[in-house]
Amino acid sequence: MTQKELFHIAENWFTEQGWKPFPFQKETWKAFLQGKHGLLNAPTGSGKTYALWFPIVLDYIKRNPDYKTKHKKGLKAIWITPLRALSQEIKQSAERITQDLETQMTVGIRTGDTSTKERARQRTTMPDLLITTPESLQLLLASKGYDKTFKDCAAIVVDEWHELLGTKRGVQMELGLSRLKTVCKNLRVWGISATIGNLEQARDVLLGPNSPALQNSILVKANLNKKITVKSIIPEEMEAFPWRGHLGLHLLEEVVPIINNSKTTLLFTNTRSQCEIWFQKILEKHPEYAGEIAMHHGSINKETRIWVEQAIRNESLKAVVCTSSLDLGVDFAPVETVTQIGGPKGVARFLQRAGRSGHRPGKESVIYFLPTHAIELIEASALQVAVRDNAVEDRIPYLNSYDVLVQYLTTLAVSDGFYPEEIYPEIKQTFCYQAITEEQWQWLLNFLVMGSQSLKTYDEYKKVEVEADGKFKVNNRAIAMRHRFQIGTIVGDAVVSVRYQKGGYIGSIEEYFISKLTAGDVFTFAGRNLEFIRIKGMQAHVRNSTKRTNKVPSWMGGRLSFSAQMSELLRQELYTIEQGKNKTSEEIKSLEPMFIKQREESIVPKPDEFLIETFKTRDGYHHIFYPFEGRAVHEAMSSLLAYRISLLSPITCSLAFNDYGFELLSDKEIDMQTVIDNDLFTVEYMLPDLQKSLNSNEMARRKFRDIAVISGMVFTGYPEKGVKMKHLQSSSQLLFDVFRDFEADNLMFQQAFTETFEHQLEEGRLRLALERIASQEIVWKACKRPTPFSFPIITDRLREKLSNEKLADRIKRMTKILTK
């Protein structure tokens with residue numbers, strides 16, 4: 001059949017549905033049928049699934065003219081999705097095409113949710129079209145004779161590629177693709193990505209930077225300008241002194257008419273705890289919603305999640321309170337309205353959520369923004385700009401993730417074994433390992449066989465054997481089985497229990513927080529001041545302390561930090577206030593009472609100004625800095641500055657930070673003029689100072705746990721029996737110490753430090769922020785009392801010490817004094 005005849009089949013099908021194919025869909029069909037690889041850039045709800053399922057089926061028709069009568073069995077295409085929840089939708093789209101065109105092609109799913117019976121059936125005959133996750137694809141590569149399974153596979157599509165890029169699952173995908181390109185003779189690789197800033201790079205990563213595939217590829221852009229409208233819910237009266245948690249639930253009644261006026265509303269929260277609270281509160285105030293409102297987040301069991309997703313499709317729910325578990329492309333046509341509670345911290349996340357409403361080509365998306373405190377209205381205003389200018393963020397791909405590579409090589413050794421000289425060139429063609437040297441490669445091979453220099457006397461680290469002909473193979477069944485259980489790159493963040501030395505249990509805190517403490521540090525938890533003594537396995541030992549402190553634990557969701565682009569937009573918005581340009585934005589207008597109050601004691605900074613405020617309260621001396629760079633950067637910057645100040649004069653500070661700024665609180669006044677004169681914001685010596693200021697060894701040790709799990713140095717246990725986090729931690733800590741003392745050039749050990757600085761502390765952004773501050777004029781305001789800008793930070797400190805009711809009372813009293 002000619003291309004024209006094939007196009008005719010597809011266009012007829014679209015006409016039967018009452019649709020018309022978009023130009024981008026036709027462009028993709030044409031490129032695919034010409035044998036090209038590519039990346040399709042299309043938003044959710046634009047018909048992107050049909051852009052690629054169609055040419056896959058048409059290609060089969062072209063090669064099998066008698067397709068209606070004869071059926072050639074075997075796997076012909078793989079569709080990779082990062083979320084299991086999406087697989088049903090994708091399967092339905094594919095089946096509509098294969099059945100309507102009478103092709104006899106079968107469609108199957110293989111994910112962690114697939115039953116054992118179904119898997120066994122797939123082992124004997126694979127479906128023609130398979131929908132699966134990155135992890136399940138690796139499991140297929142770990143099964144004997146995988147090359148026969150894949151040999152006739154003509155296409156692989158990686159959906160939501162922007163979600164995988166910049167994570168280790170993305171690296172896992174790069175490696176899987178590098179193998180399939182060799183095994184499948186006529187493979188076409190395609191990715192689908194929402195709009196990100198580095199689309200060209202995203203294509204490089206998908207296809208391999210120096211590969212022939214990249215030379216023969218195309219980037220297709222859908223250019224459907226989807227109309228997105230952002231409506232902020234602005235409180236009737238605006239407080240001059242904002243604080244976190246104050247507004248959110250106060251605006252609950254504003255949400256009720258929104259829910260009543262649309263078929264289905266999704267309410268997105270940033271954390272699971274916030275999700276639970278909103279769900280309860282809505283039902284408490286409005287019992288009439290019982291049975292019409294549901295909750296959806298990652299910790300809820302699979303049955304309930306699937307039930308909720310189904311209920312949204314059947315239009316039997318009025319509202320769903322959810323977290324990012326509903327972010328990605330689940331195609332819920334009935335959702336009319338989306339409400340975002342609290343700042344989403346990133347433009348991409350916000351646009352992704354907005355796209356959930358009006359989820360059909362050409363429909364307008366409406367998203368309501370509900371601030372949890374007044375300053376978030378500046379974020380809302382910044383998001384309006386982002387939506388107007390189609391702002392996009394970059395996703396930074398990983399480099400040299402040796403842990404993922406070790407896991408992958410073990411996978412190949414478990415199935416049919418591998419010859420290093422065949423695999424090395426494939427790996428060199430990936431983006432992640434393009435710079436790997438012959439020497440590093442040899443080190444990794446030695447590691448597989450002997451388990452690294454310092455561990456070679458222990459048998460359990462010797463996994464792979466080298467056979468007489470040079471093939472690397474796992475022959476031990478127990479090792480193979482353990483490996484299959486542990487394939488994957490998602491390692492949960494552990495929780496540490498906090499106990500008194502004598503054994504009394506106080507509660508549990510995210511390990512991330514504990515990892516930054518050094519012995520003798522005092523922090524507040526469960527309403528008490530505790531001194532940190534040591535960490536043993538997964539327990540933190542503490543004793544009561546009379547010392548004043550203000551280290552407060554934060555939870556993962558609360559740790560979402562501004563993306564670089566969001567900080568940039570926020571600063572731009574803020575700078576327009578004093579330049580009088582922004583008379584237009586409703587949000588900024590409504591904040592006027594706050595800005596008036598701010599100017600009484602201090603200033604609203606202009607683009608060339610960096611603001612520092614100092615004042616004294618009964619808690620001590622407050623020193624507040626406003627880089628507006630987001631939490632992650634402020635965390636590192638506050639540590640760095642506190643360390644540098646301590647070199648000038650011995651002073652102890654406790655640190656607090658949010659997305660707008662950070663505070664050093666101490667019982668003595670810090671001489672701000674000396675800080676300014678000594679140029680303490682310099683980029684020079686940044687890394688060594690940062691390493692000394694933070695407990696970087698401890699942070700790297702935590703990162704190393706994930707690396708040890710991914711690379712298989714420690715075993716997480718069989719399903720149902722899982723090894724307790726405690727054992728994992730202690731065995732990976734032992735390894736960390738052994739490498740630190742005897743084998744500091746161990747690649748995995750070094751990787752732990754690289755990841756700590758590049759991914760956790762965003763060292764690159766910190767450097768840029770310091771450079772920006774260096775070019776600004778430092779404005780130091782010695783205030784008589786707290787300012788509106790400082791208020792969210794100081795009141796956040798009280799949160800740990802006081803119950804919610806007491807907190808509200810205390811803040812009321814403070815506000816009263818300040819507004820006199």
field: Counted residues, region 373-423 - those being under 30 Å from Ala435 (Cα atoms), open to solvent by less than 10 Å² (accessible area, probe 1.4 Å) and of a type in the set (D, E, K, R)
entry: 1
query: Are any residues in region 584-638 assigned to a helix (DSSP H, G or I), open to solvent by 10 Å² or more (accessible area, probe 1.4 Å) and closer than 19 Å to Lys781 by Cα, and if so, which ones?
result: Ile596, Lys597, Arg599, Glu600, Glu601
- line: Residue hits (region 89-124; in contact (Cβ under 8 Å) with a residue 24 or more places away in the chain and either farther than 21 Å from Asp59 by Cα or touching a Cys at 6+ places or on another chain (Cβ under 8 Å) (or both)) are Glu89, Arg110, Thr111, Gly112, Asp113
- prompt: Out of Asn658, Asn695, which single residue is polar (S, T, N, Q), open to solvent by less than 40 Å² (accessible area, probe 1.4 Å), farther than 19 Å from Tyr626 by Cβ and modelled with pLDDT under 90?
  reply: Asn695
query: Of (1) among the acidic types (Asp, Glu); (2) open to solvent by 50 Å² or more (accessible area, probe 1.4 Å); (3) at pLDDT 95 or above, Glu102 satisfies all except one. Which?
result: (3)
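Each row is one residue, and each column tells you yes or no for (1) closer than 30 Å to Leu6 by Cβ; (2) open to solvent by 70 Å² or more (accessible area, probe 1.4 Å); (3) among the aliphatic types (A, V, I, L, M).
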{"position": "Lys73", "(1), (2), (3)": "yes, yes, no"}
{"position": "Pro82", "(1), (2), (3)": "no, no, no"}
{"position": "Lys91", "(1), (2), (3)": "yes, no, no"}
{"position": "Glu95", "(1), (2), (3)": "yes, no, no"}
{"position": "Met126", "(1), (2), (3)": "yes, no, yes"}
{"position": "Leu137", "(1), (2), (3)": "yes, no, yes"}
{"position": "Trp161", "(1), (2), (3)": "yes, no, no"}
{"position": "Leu165", "(1), (2), (3)": "no, no, yes"}
query: So which residues in region 639-651 are hydroxyl-bearing (Ser, Thr, Tyr) and surrounded by 16 or more Cβ atoms within 10 Å (Cβ to Cβ)?
result: Ser639, Tyr643
field: So Asp677, is it surrounded by fewer than 21 Cβ atoms within 10 Å (Cβ to Cβ), without any contact (Cβ under 8 Å) to a residue 60 or more places away in the chain and out of contact with any Pro (no Cβ under 7 Å at 6 or more places or on another chain)
entry: yes
query: For residues in region 447-468 being open to solvent by less than 70 Å² (accessible area, probe 1.4 Å) and part of a loop (DSSP other than H, G, I, E, B), which is nearest to Phe739 (Cα to Cα)?
result: Ser452
- prompt: For region 19-39, which residues satisfy the criterion of being polar (S, T, N, Q) and open to solvent by 10 Å² or more (accessible area, probe 1.4 Å)?
  reply: Gln34
- request: Say whether the condition of being over 17 Å from Gln352 (Cβ atoms) and touching a His at 6+ places or on another chain (Cβ under 8 Å) is met by at least one residue in region 168-189.
  value: yes
- request: Filter the helices (runs of 4 or more DSSP H) completely within region 132-222 down to those with at least 2 residues that are more than 30 Å from Val387 (Cβ to Cβ) and of a type in the set (Phe, Trp, Tyr).
  value: 146-150
task: Considering each of Leu761, Leu747, Leu728 in turn, give the residue that is at pLDDT 85 or above and either under 26 Å from the mean Cα position of the chain (by Cα) or closer than 25 Å to Lys168 by Cα (or both).
output: Leu747
- prompt: Name the pairs whose Cβ atoms lie under 6 Å apart, with the first residue in region 341-357 and at negative phi and in a loop (DSSP other than H, G, I, E, B), the second among the aliphatic types (A, V, I, L, M) and open to solvent by 10 Å² or more (accessible area, probe 1.4 Å), and 6 or more positions between them or separate chains?
  reply: Ser357/Val366
message: Can you pull out every residue in region 424-435 that is open to solvent by 50 Å² or more (accessible area, probe 1.4 Å) and touching a Gly at 6+ places or on another chain (Cβ under 7 Å)?
response: Gln429
- prompt: Among the residues of region 341-392, which ones are within 30 Å of Pro593 (Cα to Cα) and among the polar types (S, T, N, Q)?
  reply: Thr372, Ser381, Gln384
- line: Only one of Lys428, Lys456, Lys462 is among the basic types (Lys, Arg) and under 24 Å from Arg169 (Cα atoms), namely Lys428
query: Which number in (1) of a type in the set (A, V, I, L, M, F, W, C); (2) open to solvent by 50 Å² or more (accessible area, probe 1.4 Å); (3) in contact with a helix residue (DSSP H, G or I) (Cβ under 7 Å, 6 or more places away or on another chain); (4) at pLDDT 75 or above marks the one condition that Val495 misses?
result: (4)
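The values are calculated or read from the model by the stated rules, or taken from the named source; none is laboratory data. Everything numeric here is computed off the predicted structure, so don't read it as measured data. Here Cβ is always computed from backbone atoms with ideal geometry, including for glycine, and neighbour counts include all displayed protein chains. The area values use the complete protein model at the heavy-atom level, side chains included, leaving out ligands, DNA and RNA. Shrake-Rupley method; radii C 1.70, N 1.55, O 1.52, S 1.80 Å.
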